[in-house]
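**Student:** This is the structure I want to talk about, given as structure tokens.
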Amino acid sequence: MASQLALKSRINSTTSLGKIFNAQEMIASSHIAKARTVALNAKPYSDAISDAVQALAAHTDIDHPIVRKKERNPRVAVLALTADRGMAGAYTSSIIRETESLLDRLDGQGKQPELYVYGRRGVSYYKYRNRDISATWEGDSDHPGVRVAEDIANRLLADYMKPASEGGVSELYIVFTEFVNMVVQKVRVLRMLPVKVVRSGDAKSVVGDGGKAPKADATDADDAQADGTSPLYSFEPSVEQVLDAILPKYVQSRIHECLLTAAASETASRQNAMHTATDNANNLIDELTRQLNASRQASITQELTEIISSADALNKEEE
Amino acid sequence: MAGSQSSMQVNIVAADRPLWSGAARSVTIPASEGGMGILPDHEPILTVIKSGTVSAVDTEGKRHSFDVSDGFISFDSNRLTVAVQRGEEPKAGAAE
């Protein structure tokens with residue numbers, strides 16, 4: 001049995017770790033409320049922009065590089081959204097696992113995936129393995145602002161618009177974690193570019209091809225149909241210029257949405273992980289305390305036995 | 001002032017937060033081809049705007065101005081949506 005001193009110091013260190021986990025858990029739960037407000041605040045803008053794109057799609061046959069890439073190019077971009085900090089359970093590792101399997105799949109289709117990484121954990125994972133990364137973004141995964149979404153969208157759209165000879169890419173996939181609820185977060189792969197035009201009945205709607213998860217997009221399309229025919233808009237200065245202005249913003253707002261849901265998922269999985277860690281620390285403390293008590297009791301018993309037996313021995317000598 | 005009964009629903013949103021919404025009598029926007037005023041029951045329109053000042057006059061005649069970056073507006077069924085990348089209230093005392 002370990003010495004009482006060792007047990008005591010283990011109990012002490014576990015207690016202080018437990019306090020840290022508990023604090024992290026509380027920080028995470030306060031961040032969730034904030035993440036929710038940020039997401040709610042960004043919603044009107046993304047709604048406005050998808051409405052506008054719907055109107056454009058209903059009005060014209062969209063012919064824009066963002067919707068239809070003409071040249072054939074095996075290079076595709078893969079953007080992985082990971083966390084900046086650890087202590088979030090399997091958050092980053094499940095993103096990386098999904099990214100790896102997507103890269104394999106794309107390789108199998110004869111494509112050349114280019115890697116873009118967001119979040120310090122993912123960056124250090126790939127740097128350590130000496131993988132080529134086209135671009136990285138760090139430091140915003142907790143609170144992704146409009147600015148970082150703009151940065152990412154600008155960089156990726158620039159690479160997308162470049163011709164193949166200059167290192168352009170023909171598709172963009174985003175690997176991110178969808179926030180389902182506090183307990184469930186799912187890793188999703190979304191094909192962001194080219195934006196896909198879906199014709200359903202006589203209504204046309206533009207949705208990002210949802211890969212495995214076209215759920216949000218499907219509801220967008222349903223709404224448009226429920227509204228009936230869109231009003232006949234006039235476009236100023238011209239349809240082409242409006243498309244040029246709005247489609248990049250649409251992509252940016254979709255990327256921002258992904259960042260926000262990823263941030264909420266990160267916070268939620270951090271809270272879950274820290275909750276489990278606090279529970280484990282408490283169990284460990286209980287177990288160690290039990291051991292400590294047992295060992296203290298054993299030593300007391302041993303001392304008593306020694307005292308009694310030595311007293312017996314003395315008595316015997318006197319007789 | 002006349003025409004207080006005619007108004008339109010206005011929604012001004014920036015990418016990170018909604019800026020203002022309410023009923024307005026008129027709105028001026030910095031359209032890409034120059035300033036543009038929008039009154040209730042305008043025809044449906046979708047236009048690109050450049051950075052500048054968006055200002056809306058609400059039904060009480062009070063003016064709400066915002067400095068905005070580029071974006072777009074859409075108007076249909078008497079509902080105006082102004083969506084901009086960034087926008088903020090101008091500093092107090094600034095001329096609109």
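The values are calculated or read from the model by the stated rules, or taken from the named source; none is laboratory data. Quick caveat: nothing in here was measured; it's all calculated off a predicted structure. Quick reminder, even Gly has a Cβ in these numbers, built from the backbone with ideal geometry, and neighbours come from all protein chains shown. Please note that ligands, DNA and RNA were not included when accessible areas were found on the heavy atoms of the full protein model with its side chains. Shrake-Rupley method; radii C 1.70, N 1.55, O 1.52, S 1.80 Å.
**Student:** Which of A:ARG75, A:ARG147, A:ARG120 moves the most in a Gaussian network model of chain A with Cα springs under 10 Å?
**Tutor:** Maximum fluctuation in the GNM of chain A, among the listed residues, is at A:ARG147.
**Student:** Pairs of Cα atoms under 8 Å, at least six residues apart: use those to get the relative contact order of chain A, whole percent. Spell out each step's value before the answer.
**Tutor:** Numbers: 452 pairs, mean separation 92.9, N = 319.
29 percent.
**Student:** Take peptide B:18-25, look around each residue's Cβ out to 10 angstrom, count Cβ atoms belonging to other protein chains, and average those counts.
**Tutor:** Values: counts 7, 2, 0, 1, 0, 0, 0, 0.
Per residue, the number of nearby Cβ atoms from other chains is 1 on average.
**Student:** If packing is taken as the mean number of other Cβ atoms within 10 Å per residue, what is the order of B:49-62, A:293-306, highest first?
**Tutor:** Details: B:49-62: 16.6, A:293-306: 11.3.
Going from most to least packed, we get B:49-62, A:293-306.
**Student:** Assuming a ≥ b ≥ c are the square roots of the Cα gyration tensor eigenvalues, decide whether the range A:21-133 counts as rounded (a/c under 1.5), prolate (otherwise, with a/b larger than b/c) or oblate.
**Tutor:** Numbers: a/c = 3.43, a/b = 1.17, b/c = 2.93.
It is oblate, given that a/c is not under 1.5 and a/b is not larger than b/c.
**Student:** Same structure again: Order A:GLU319, A:GLU166 by their accessible area, 1.4 angstrom probe, all chains in place, largest first. Walk me through the numbers on the way to the answer.
**Tutor:** On the way: A:GLU319 180, A:GLU166 120 Å².
Listed by decreasing accessible area, they come as A:GLU319, A:GLU166.
**Student:** What average count of beta carbons from other chains do you get within 10 Å of the Cβ of residues in A:243-253?
**Tutor:** Working: counts 1, 1, 9, 6, 0, 0, 8, 0, 0, 2, 3.
Counting Cβ atoms of other protein chains within 10 Å of each residue's Cβ and averaging gives 3.
**Student:** What percent does the relative contact order of chain B come to when contacts are Cα pairs within less than 8 Å and at least six residues apart?
**Tutor:** Here the relative contact order equals 28 percent.
**Student:** Could you tell me the relative contact order of the range A:77-140? Use alpha-carbon pairs under 8 Å, at least six residues apart, and round to a whole percent. Please list the in-between numbers first.
**Tutor:** Values: 92 pairs, mean separation 26.3, N = 64.
Dividing the mean separation by the residue count of the range A:77-140 yields 41 percent.
**Student:** Rounded to the nearest 0.05, what FRET efficiency is calculated for A:ASP244 and A:SER16 with R0 set to 60 Å and r the Cβ-Cβ distance?
**Tutor:** Details: r = 58 Å, r/R0 = 0.96.
In this case the efficiency is close to 0.55.
**Student:** Then there is this: Pairs A:LYS162/A:LYS249; A:LYS249/B:LYS50; A:LYS69/A:LYS186; A:LYS69/A:LYS111: which exceed 25 Å Cα-Cα?
**Tutor:** On the way: A:LYS162/A:LYS249 18 Å; A:LYS249/B:LYS50 13 Å; A:LYS69/A:LYS186 30 Å; A:LYS69/A:LYS111 15 Å.
Check vs 25 Å cut-off fails for A:LYS69/A:LYS186.
**Student:** 222 nm [θ] for chain A, helices only, -39500 (n - 2.57) per DSSP H run of 4+, per residue, to 500? Display every interim value, and only then the final one.
**Tutor:** Details: 6 runs with 191 residues, N = 319.
For chain A, the value works out to -21500 deg cm²/dmol.
**Student:** A follow-up question, please. Quick check for you: with a 1.4 Å probe and neighbouring chains kept, what is the accessible area per residue of the range A:1-50, in Å²?
**Tutor:** Details: 3030 Å² over 50 residues.
Dividing the accessible area of the range A:1-50 by its residue count gives 61 Å².
**Student:** Taking each residue in B:40-50, count the Cβ atoms of any other chain within 10 Å of its Cβ, then average. What number comes out? Let's see the in-between values first.
**Tutor:** Working: counts 0, 0, 1, 4, 8, 5, 14, 8, 11, 2, 1.
Mean partner-chain Cβ count within 10 Å for B:40-50: 5.
**Student:** Mind jotting down the distance between the C-alpha centroids of the range A:112-134 and the range A:68-108, whole Å?
**Tutor:** Going from one Cα centre to the other spans 9 Å.
**Student:** In what sequence, highest mean first, do A:177-185, A:135-143, A:256-264 appear when ranked by Cβ atoms within 10 angstrom? List each step's numbers first, then the result.
**Tutor:** On the way: A:177-185: 15.9, A:135-143: 17.6, A:256-264: 24.8.
Ranked by mean Cβ neighbours within 10 Å, highest first: A:256-264, A:135-143, A:177-185.
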